[in-house]
Structures are given as C-alpha cells and as structure tokens.
Amino acid sequence: MADLIDKTSQLIPLDPPVFDNPVGLGLRAPHYEEILETKPDIGWFEVHPENYFGGGIHRHYLGKIREHYPLSLHAVGLSLGADQPVDTEHLRQFKELIDIFEPFIVSDHVSWSASGNAHLNDLLPLPYNRETLERLRRNIEQTQEYFGRQIIVENPSTYIAFKDNEMSEFEFMNLLAKITGCGILLDVNNIYVQSHNHGLDPYEYIDGVNKNAIFEIHLAGHTEKTIGDHSLLIDTHNKEVKDDVWDLYAYTIKQLDKPLTLIEWDQDFPPLETLLSEASRARKILDLEQEERHAAE
Amino acid sequence: MNKKTLNTLLVGAVAATALGASAAQAGPAEGNEKCYGVVKAGMNGCGAADGSHGCAGMATEDASGVEWVSVPKGLCEKLAHGSTTPVTAEDHGEEH
Amino acid sequence: MPLNEFQKDFKGIMLRPLSQVDEAASQFKDNFVNDHIPVNERLKIYHNNVLGSLSKNILTTYPLLEALVGENFLKTLAREFVMENPPQSACLHYYGEEFDIFLKKHASTQSMPYLSDVATLEWALHKAYHAADDSPMSTDDFSAIEPDSLADTTLTLRGSLSLIASPYPLQAIRDMCLKKTEDAPDMTIDHNTRIMVWRQKLEVNILPLEDDEFMMLSEIKKDKSLGEAVENTLNAYPDFDFAAFLKKNIIFETFSKAHSNN
C-alpha cells in the first residue's frame, strides 16, 4: 500500500474552459420552459445524468437547452466509493448521454451509495484511509477508461466521522487527484458543513486543498438541525447560500483564477429569478476579485 | 383456418393500410386520452432530505409492519370498497 | 473495519425501522467518533435521508394513490416498501415497479382491492414517460415485409407500451383523483377495463381497447407470430377485424419493429 500514495497519474490535469460567464446553474425540470423562453444570462447548466437515462420528455428539453448553453453532467449514481466495481449498465447509459450531449465536464462524488444490489440514493460517508483510496482509485480509473476522459470528483457533506481516518479530507482529495488524474469539484458549502459537523476549520481546508486540481466550485444552501444543545448542518440544497458560505467562497476564489462556479438547488424549487440572483451574487464576487487583482497590478 | 386463407387475410390487411394510415393524418383519435403534457419532477437529486422537517413526526411515519397505525384519508372514502377504519398492528397478521 | 463489511452493516441499518437504529448504532461504537453529538443521532440523519428520499420517490411516481389514501398513509406504506425492496439501480425512474404487488399483499390495503390496479396504471404512465425513444413502424415498413413471410413475422411493441386488464374503472378513478369529475364510479360491478398506455413523441396516452384488440396485442407481446396471433384471436373473437386493427395501430404508432422468422 505504501507505493499507492507515491503513485502519480500520467494524465495531464484537466484545464477548465473559459466561458463569458463563469457561473452556472443546476438545471431542474420546473425551469425548462422559462429558460427556453427567456434565455437567461447564465454561463452554463449542470444536470444529474440519471434523470435523463432512457429518453422522452426530459431528454427532449435537455437537447433544446443544450443548443444554447454549455453543459456539465454531474452524477449521483456511480457510487465510486462502494467496495465493488462501478455498475457497467450505469456506465453504458451515462456514456450514451455523454456522446449525445457532449458535456464539457463529467463529475460524481467521493462517497458511496450502493452495497451489493441495493442503491441507497444518498451520498454516504467513507473513512479516509488507504483501503478507501485504493477502492476509489480503481473505480475512478474504471470510469475514466470507459468514458475515455478524465472526470472530477466532489468532496461530500458528512454527518459522521470515522475513528480510523488516516488523513484529513483535503489530504485525501489531493491524493485522489494525484494518483488518478481526476480533478476536484470543490463544494464550498460542503466544506462549511463538514467543518461545523466535525469541529474543523474550513479555512484550513481551503488552504490545504490542491488548487491546481480544482476544476469547478459548487455552492448550495444547507439546513441546521438542533440535537440537544448542539446542532448538525444538513446539506439540503433547498435554500439560498448562507452568508458564512459566501465569505468562505470569496476567500477560496482569491486563490484561484476565475473558477467555474455552480449554484445548486435540488428541492423546494424557488422561482428561476431566485436562482439567477444567487448566480449574479457569485458573479459579483468573482468580478470584484478580478478588479482587485487589476488594481494591485 | 388454413394457411392460405390466413396469408390472404394478412396480405390484404397490409395492402389496405397502404391506402392511408399514418399518425400524421390521424388527428385526435377517438378515445385516446393524452396525459402528461407537463414535465414531471426529476427523480434523482443530490440534496439530502431535510432533517428538520423529516424528523418531526417521524415516529408516526416509521413503518416496521408491526408498530404503525395509519388511516387512509383521501378519495378512497368515496369509493364503495374504500376503508376508513384504522389499520393497526393486529390487522397486519402474518402477511410479512 | 474493512470497507466492505462497514458498507454492508451500514446498509443494514439504513433499511430497518427507526426504532431499531439506536440499538444498531452500538455495533459501530468503535468505528465512529462519539462526541457532543452521539453516533446514533448522527446515523439517524442518514437513515432519514435514505428512507425519506426513496419513499418520496414512490410518492412522486404514484400521485393517484396519494389522492386516494392520503399522504401519510401512502408514506407509511412507501417506507415499508423501501425497506423491503431497496432500488436495484441508481437511476430512480426505474424504481418502484413492484409497488402494485406490494399493495396487493399488504394487510392494510385489503379493503381497497383496486389500489393495486391503480398502481399498475400509474407505473405504466411513469414507464411511458421515461421510456427510451424508439421509432414507430410505418405503413412502408409493413409493405416492405415479404408477403409470404407475413404469417411468420413477429412484431415488437414500443418500449413505452403497457397493456392493463382490470375489473375496476381505472380511468374513472383517475379522473376522480385528478378532479376532472366529482362523481365516484360504481365499484360494485365488473368494468372489464382493457387499456393501453404508451408514448407518442412527447405525449403519454391512455386508450381503452376492445377485448379482441387487447388479446391480439397481448399475443404480439408474448412474441407469437402474426399468423398464430391472428388465428388465436379469431378463435376467441370470430368478429376480429385484423385489417382495421393494423390500420389503427399504425396510426397510434404501437409497433417498433418486425422480425422475420424465415
């Protein structure tokens, strides 16, 4: 196992495309029509590919929207951290979508959801040790080989911590990128949630994660759940991004070069207007950073 | 039916369709009800269930097959065989 | 703890009743950090996410059932279904097909025997909505079949197509649930419902069928050759008009391809 962490992938790190507007939105069914009618000023859209398996009405709308916007496929079902190979039927259907919609990036999570034949439809936690690293390496490599392209993987929100962690989550993410050549999808809200739930410093996480591996940033809202005198933050994706998370985002992008940023919202859908206003808030922060850099030059 | 008669029947039917049977000319055909003009929700998402909502009253939602008590409350009351009697542990019998 | 073992045990906890989570959590006391928030409370977050999201998917797929029995009753059943039948695929629009069988067997629904058939209808609508895009056979496709091999040809029905037979007035029940009508149908008689559900382009359709049409389509679905299917249908229904049947089904685009067995 010792040689695993010494390994370095021969793949060239992914280079994010440059869009006029670096901010994207999670595309969800209730907004299809309005987006097609109004063509809002948004850089790109991201969808969960699983919702477009098969065919029919969702795929029809995705095709229409793809004619006007770049697209990212953000999966929730590869179960890369499961102690079993990635389901080949899932890969096949996923690849079919990649071939049709030509996304600029494909992603999933550092988590598991399947055990045996059961898929639990949640991003479940993993211990950060050599065994998990090796399992993820095999599954990420299997996926990258099947797709013929590199993927990026997202840091999760978790509600439980393992005693046998051998390293911190950002060290684990860095190693994963190094040994597989995958990129990192940095979810800033998840870092905030993790830090609250496990008593960590989110700024230390940002400082520690390998900036060169970051391809995309996610922002979403979370919910606080009180337990006794304490609380856990739940990554619910059903409300606005919290101010503390915006602050952490502003800190993060100071260390990056105009990163692609996505606003995610998965339930209790608001009017499209609300999502667009979240997106423009992200863009203002990015623009402000650019202005400060120019002023400093 | 002998094979020849059957074949004549089949060939005749196919020939008859050539005289004009296409979806385009059909228009709204009788009895055909079009459903789902609207877009359904996506099934997969990556937001967690809302703990603050989900946990409230979770005890009553929880289903083990022996401990729940729930009453159907809906349009079934209007149907002749609808039931409005509570289903309790005893009713569960040996089904599971 | 090895990854495989941990994931199996964790899955086991996710798929059991909430009342058993506390006890089950104790098996993980050496694996998880137990701090100001106890492990069992942390596990319950996942438990709620897993059962909550999967049962919500069942409710999304079966809105007519929700109208019939109410949200709480259906949620209770859905959670029990999820624990017994977790998804086999990560793509959730394939999930919940066996809910009709589950309802048929469940003690709490025995006084509502029609629920299972309503669920069958809802699954057919759901399946048609998400089915892969296949193209329909045209008159030209039929004309292209060698006349001599017609009798031995088998037809494939569109991937979105379902045939449903039920004694209950499923469409009237649906109309009532969708509030198209205030009137409840008479549930004391056999309605001999025979319907077809399928998708044409982006429209999901329901079409009531005559008994002979229903039998003919069922024979085709069973991969019977055209000759055998017509013969069997004619034996049962001497007035069956195959020419009219064929014309109607080309218009409704119910066949996707023909396979010659010669």
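Only the coordinates and a few stated rules stand behind these numbers; no lab work does. Note that the structure is a prediction, hence the values are computed from the model and not measured. Backbone-built Cβ (ideal geometry, glycine too); neighbour counts: all protein chains shown.
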> What number, in percent, do you get for the relative contact order of region A:33-143 if the mean sequence gap of Cα pairs under 8 Å and at least 6 apart is divided by its residue count?
Replying inline: 27 percent
> Using alpha carbons only, what's the Rg to Rh ratio of chain C with Rh from Kirkwood?
Replying inline: 1.10
>> I want to verify a result. In a Gaussian network model of chain A, Cα cutoff 10 Å, which of these has the top mean-square fluctuation: A:Leu219, A:Leu91, A:Leu27?
In response: A:Leu91
> How far is it, in nm, from the label point at A:Glu37 to the one at A:Ala295 when both lie 7 Å from their Cα along the line to the Cβ?
Replying inline: 4.1 nm
> When a footprinting reagent is the concern and you count Cβ atoms within 10 Å, what order do C:Ser108, A:Ser9, C:Ser135, A:Ser111 take, fewest first?
Replying inline: C:Ser135, A:Ser9, A:Ser111, C:Ser108
> Projected onto the charge dipole of the protein assembly as shown (+1 at Lys/Arg Cβ, -1 at Asp/Glu Cβ, origin at the Cα centre), which of C:Met14, A:Ala118, C:Asn40 gives the Cα projection farthest towards the positive end?
Replying inline: A:Ala118
> Which ordering of A:Phe104, C:Phe102, A:Phe53 is given by a fewest-first count of other beta-carbon atoms within 10 Å?
Replying inline: A:Phe104, C:Phe102, A:Phe53
> In whole Å, what are the Cα extents of the protein assembly as shown along the three principal axes, biggest one first?
Replying inline: 87, 60, 48
> In Å, the Kirkwood hydrodynamic radius of region C:1-60 over pairs of distinct alpha carbons?
Replying inline: 12.2 Å
> Restricting attention to the alpha-carbon atoms of region A:19-296, what are Rg (one decimal) and Dmax (integer), both in Å?
Replying inline: 18.2, 57
> Percent antiparallel among DSSP beta bridges with both residues in region A:19-296, to the nearest 5?
Replying inline: 25 percent
> Can you tell me the Rg and Dmax of region A:158-297, counting just the alpha carbons, in angstroms?
Replying inline: 15.9, 51
>> Can you compute the radius of gyration and Dmax for region A:94-191, using only the Cα atoms, both in Å?
In response: 13.8, 44
> Distance from the Cα centre of region A:1-70 to that of region C:144-172, in angstrom?
Replying inline: 38 Å
> Once the principal axes of the Cα atoms of region A:1-123 are found, what is the range along each, listed largest first in whole angstroms?
Replying inline: 55, 34, 23
> Cα centroid distance between region A:100-159 and region A:174-188, in Å?
Replying inline: 11 Å
> Which semi-axes, in whole Å and largest first, does the equivalent ellipsoid of region C:1-116 have when worked out from the alpha carbon gyration tensor as the square roots of 5 times its eigenvalues?
Replying inline: 31, 15, 12
>> Using Cα-Cα distances under 8 Å and only pairs 6 or more residues apart, what relative contact order does region C:131-262 have, in percent?
In response: 40 percent
> By count of other Cβ within 10 Å, fewest leading, how are A:Arg149, A:Arg92 ordered?
Replying inline: A:Arg92, A:Arg149
> In a GNM of chain A with a 10 Å cut-off on Cα contacts, which of A:Glu264, A:Glu67, A:Glu169 has the highest mean-square fluctuation?
Replying inline: A:Glu67
>> I need the helices of chain A that pass two filters: whole DSSP H segments spanning 18 Å or more by Cα along the axis, and mean Kyte-Doolittle score no lower than -0.5.
In response: A:88-101
> In debye, nearest 20: dipole of region A:192-297 around its Cα centre with unit charges on the Cβ of K, R (+) and D, E (-)?
Replying inline: 140 debye
> Which semi-axes, in whole Å and largest first, does the equivalent ellipsoid of region A:126-167 have when worked out from the alpha carbon gyration tensor as the square roots of 5 times its eigenvalues?
Replying inline: 24, 12, 6
>> Semi-axes of the equivalent ellipsoid for region C:131-262, please: Cα gyration tensor eigenvalues, times 5, square-rooted, ordered largest first, whole Å.
In response: 30, 18, 11
>> What distance in nm lies between label points placed 7 Å from Cα along the C-beta direction at C:Ser19 and C:Ala165?
In response: 4.2 nm
